[in-house]
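*Asks:* Quick one: this structure, given as structure tokens, is what I'll be asking you about.
The values are calculated or read from the model by the stated rules, or taken from the named source; none is laboratory data. Values in this document were obtained by computation on a predicted structure and should not be read as measured data. Note that we place each Cβ from the backbone using ideal geometry, even for glycine, and neighbour counts take in every protein chain shown.
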Amino acid sequence: MELACTHFSEKQLLVTKEPSLQGDDVESKRQEVLNYFLKTFALDEKLYETLADENSFLSKGSPLRHPLIFYYGHTAVFYVNKLFIAGLIDERLSEKIESMCAIGVDEMSWDDLNEGNYDWPSLNSIKDYRQNVKELVTEVILSAPLTLPITWNDPFWIVMMGIAHQRIHIETSSVLIRQLPLEKVKSVDMFKVCPYQGMAPQNAMVSFTGGDVALGKEKSNPYYGWDNEYGHKKVTVSSFKASQYLVSNQEYFEFIQEGGYQNDSYWTDEGVSWKSYTQADKPCFWVNKGETYYYRTLTEEIPMPWNWPVDINHLEAKAFCNWKSKKENKKIRMPSEAEWMLMRNSMDLDQPTWPEAPGNINLEYWASACPVDQFKSSSGVYDLIGNVWQWTESPIAPFNGFEVHPDYDDFSVPTFDQKHNLIKGGSYFSTGNYALKDSRYAFRRHFFQHAGLRYIESEKEVKMEAINPYEKDELINQYLEFHYGDEHFQVKNFAKACVDRSSKYFNNTSRALDLGCAVGRSAFEFAKHFDHVDAIDFSARFIQNASQLQQTGNKKYQIPIEGDIHQLKTIDMDQLGLAETAHKCVFMQSDACNLNDKFSDYDFIFAGNLIDRLYSPKLFLESIHERLNSGGRLILTSPYTWLEEYTPKNEWLGGYKKNGENQLTLQGLKEVLSSQFKLLATEDVEFVIRETARKFQHTVAQMTIWEKKDL
């Protein structure tokens, strides 16, 4: 069954604008989203018309990727999978197709793809399936609840996610089709090649003044975004110079002529390995015909357009920059994400609002590259956006405040590994979210996209973020969530609640001691009241995490949902209101039962849920008064869960029979502390510890407030 795409003109299919998530008229927005979906689906269909026959669908554009039939089915399967996970549909459509076409290939390496034996569905079955999905999604759009604005948790967010995903694959599939042998493809009139060719202009450098650059966007942004786009990061960018033009085929040819592929000194170790494995000696889309170079477009080979941008991977781009640096005795490299954004900020327009594209992007001009001196921006550089993607020096990393969308938890996180570098600016085939200013996409460094290079000259090196940013230790993660995570069942955050309740007992706010501080939340809360806070814990791992939060202001961790499925979270000290006073804390590892004498002269001491985890709570309590100033206050909290694995039974303060009567911990506390302290009050403080998405511990601790006697 053929899918009709004659409902829209060619121009309507090619020139589309990302719909706003905002609006006032629900039914008008519903129709707008439906039209956007139908255009996306039709454009996808039109792209696959470039395949010559069914055998072409079973062919691979790259040995490192699945055959094209997988991607033809994959975008449809994605809709079904996400709608099902989100509870918007009750049944799947085809178990076989949805299992075969669910998971793509991330190109973990250029030599590790295990092809296996795939029994791919027939082309007709995929076409029928796609038609059924088209009808299903149409029905969901027409019937699902819609409120405006469309937000992260709304049903229509899942619809927009499916459309954005399909538009990604329209471009990535065009790259794979571009890599097929010519006999596997055929020209389609709608996808026109730029007719302008010639010799390239001489590249020059344009100066950019540095400054502060804000990266990331808010959840209130009016256009759909992937999880890695949200959050915030401020970067101070030094002044630099950027090449006026993207690197052209002609400029890159100089690198080839001077032995660029043969000289390993220009290449990183990864680049040398890739080059050795692939035997690459020229860009992927260059074709040798005798002594003449031709250039591969989507479906043709044309005489080399020397004034078009070169298509290369990151490894080649890095080698070119190293060659250029040596040749000109300057520090030449690719821009960082922040440097690229500083340049991009000179352009006010974005895809949804421009009257026409200010660059070769969004399929508004051609389905190919064009001369590098075609689209000039007010900054003086050409192709600030579009033509080809621009590789950056920056491996992708999450912004502060990063959250994973629960219905697509593996879109971004697998790329936070220092092995996926960001590409910016979009290409001629970039549409939808791909064409937006805030989009963030990253690929393996040996990956081919419609991607090229703009180089910069700068003395400043790009600082790499830490590998593996997410805490893996399960106990640490549970404590991080307990201290900084979500509240459950309307029970307030325990550390903050303890400090808030304690505040009415502060009679001097000079120095405080937090014993058993764990990962630091109570210490940071006390720092909002006291001039100085010493925070102590027996666990070096706890102290390490608290110190990291103090130094960096953020921390990434993961908590279990069920089984091996986890949710990734970020602590943001600024958003919690803790960053401004965090410097008042000093974190140290020590034994509460054997403290150094220097820990003294405190106006206030807090021991949160500590005494029933000490090996000798009596020893601790008998000497704690020595560390308090006269009139100082001591506050203890504990649920009194005495366990022999922490405290020998003969050391318990309560929870046993004494002279035949029940000995409760409060009575034991009074017996130990009464000679030095007066009990001012007792309160109950609830807390909830999350174990999984469906398992929680709900506990009530007793808070006792003591005042040191003036003896």
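*Asks:* Given the conditions (1) in a helix (DSSP H, G or I); (2) closer than 22 Å to Trp308 by Cα; (3) among the acidic types (Asp, Glu), and given that Glu139 satisfies all but one, which numbered condition is not satisfied?
*Replies:* (2)
*Asks:* So, in region 603-638, how many residues would count as being within 44 Å of the chain's Cα centre (by Cα) and within 16 Å of Asn507 (Cβ to Cβ)? Break it down stepwise before answering.
*Replies:* First pass over region 603-638, keeping only residues within 44 Å of the chain's Cα centre (by Cα): 603-615, 634-638.
Those left that are additionally within 16 Å of Asn507 (Cβ to Cβ): 603-606, 634-635.
Residues in region 603-638 being within 44 Å of the chain's Cα centre (by Cα) and within 16 Å of Asn507 (Cβ to Cβ): 6 in total.
*Asks:* Run down Pro352, Pro305, Pro358 and say which single residue is crowded, with 22+ Cβ neighbours inside 10 Å and either part of a strand (DSSP E or B) or touching a residue at least 24 places away in the same chain (Cβ under 8 Å) (or both).
*Replies:* Pro305
*Asks:* I've got another one for you. Could you tell me which numbered condition Thr647 fails, if it satisfies all but one of (1) under 48 Å from the mean Cα position of the chain (by Cα); (2) surrounded by 15 or more Cβ atoms within 10 Å (Cβ to Cβ); (3) modelled with pLDDT under 95; (4) more than 20 Å from Cys517 (Cβ to Cβ)?
*Replies:* (4)
*Asks:* Further, regarding this structure: Using the structure shown, decide if Asp591 is assigned by TED's automatic domain parsing to the domain that holds Gln676, assigned to a loop (DSSP other than H, G, I, E, B), surrounded by fewer than 22 Cβ atoms within 10 Å (Cβ to Cβ) and within 40 Å of the chain's Cα centre (by Cα). Let's see the steps before the verdict.
*Replies:* Values: assigned by TED's automatic domain parsing to the domain that holds Gln676: yes; assigned to a loop (DSSP other than H, G, I, E, B): yes; surrounded by fewer than 22 Cβ atoms within 10 Å (Cβ to Cβ): yes; within 40 Å of the chain's Cα centre (by Cα): yes.
Yes; evaluated as a whole, the condition is true for this residue.
*Asks:* Leu64: more than 18 Å from Phe37 (Cα to Cα), under 28 Å from the mean Cα position of the chain (by Cα) and either in contact (Cβ under 8 Å) with a residue 24 or more places away in the chain or surrounded by fewer than 22 Cβ atoms within 10 Å (Cβ to Cβ) (or both), yes or no?
*Replies:* yes
*Asks:* Now for a different question. Among all residue pairs at least 6 apart or on different chains, which show Cβ distances below 7 Å where the first residue, located in region 279-291, is aliphatic (A, V, I, L, M) and in a loop (DSSP other than H, G, I, E, B) and the second is modelled with pLDDT of 95 or more and surrounded by 12 or more Cβ atoms within 10 Å (Cβ to Cβ)?
*Replies:* From region 279-291, the pairs are Ala280/Tyr261.
One line per residue, one yes/no per condition, for (1) of a type in the set (Phe, Trp, Tyr); (2) assigned by TED's automatic domain parsing to the domain that holds Phe402; (3) assigned to a helix (DSSP H, G or I):
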residue	(1), (2), (3)
Trp157	yes, no, yes
Gly162	no, no, yes
His169	no, no, yes
Val175	no, no, yes
Pro195	no, no, no
Asn221	no, yes, no
Tyr224	yes, yes, no
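*Asks:* A further question on this structure: Picking from Cys321, Cys284, which residue would you name as being under 18 Å from Leu176 (Cβ atoms) and surrounded by 16 or more Cβ atoms within 10 Å (Cβ to Cβ)?
*Replies:* When all the criteria are applied, what remains is Cys284.
*Asks:* Test Leu363 against the stated conditions and say whether it is assigned to a loop (DSSP other than H, G, I, E, B), touching a residue at least 40 places away in the same chain (Cβ under 8 Å) and in the same structural domain as Glu251 (by TED's automatic domain parsing).
*Replies:* yes
*Asks:* Restricting to region 25-60, give me the number of residues that are of a type in the set (A, V, I, L, M, F, W, C), in contact with a strand residue (DSSP E or B) (Cβ under 9 Å, 6 or more places away or on another chain) and assigned to a loop (DSSP other than H, G, I, E, B).
*Replies:* Qualifying residue count for the region: 1.
*Asks:* Continuing with this model, one more query. Sort out which residues of region 246-278 are out of contact with any helix residue (DSSP H, G or I) (no Cβ under 8 Å at 6 or more places or on another chain), under 24 Å from His420 (Cβ atoms) and in a helix (DSSP H, G or I), and write them in order of number.
*Replies:* Asp269, Ser273, Ser276, Tyr277, Thr278, listed by residue number.
*Asks:* Something else: Among the candidates Phe687, Phe696, which residue alone is crowded, with 17+ Cβ neighbours inside 10 Å and either assigned by TED's automatic domain parsing to the domain that holds Phe494 or within 50 Å of the chain's Cα centre (by Cα) (or both)?
*Replies:* The unique qualifying residue is Phe687.
*Asks:* Right, next: Considering (1) surrounded by fewer than 17 Cβ atoms within 10 Å (Cβ to Cβ); (2) modelled with pLDDT of 95 or more; (3) more than 43 Å from the chain's Cα centre (by Cα); (4) part of a loop (DSSP other than H, G, I, E, B), say which one Thr641 fails and leave the rest.
*Replies:* Thr641 satisfies all of (1) surrounded by fewer than 17 Cβ atoms within 10 Å (Cβ to Cβ); (2) modelled with pLDDT of 95 or more; (3) more than 43 Å from the chain's Cα centre (by Cα); (4) part of a loop (DSSP other than H, G, I, E, B) except (3).
*Asks:* Moving to a separate point now. Within region 177-191, can you find the residues that are under 35 Å from the mean Cα position of the chain (by Cα) and either part of a strand (DSSP E or B) or surrounded by fewer than 20 Cβ atoms within 10 Å (Cβ to Cβ) (or both)?
*Replies:* Gln179, the sole residue that qualifies.
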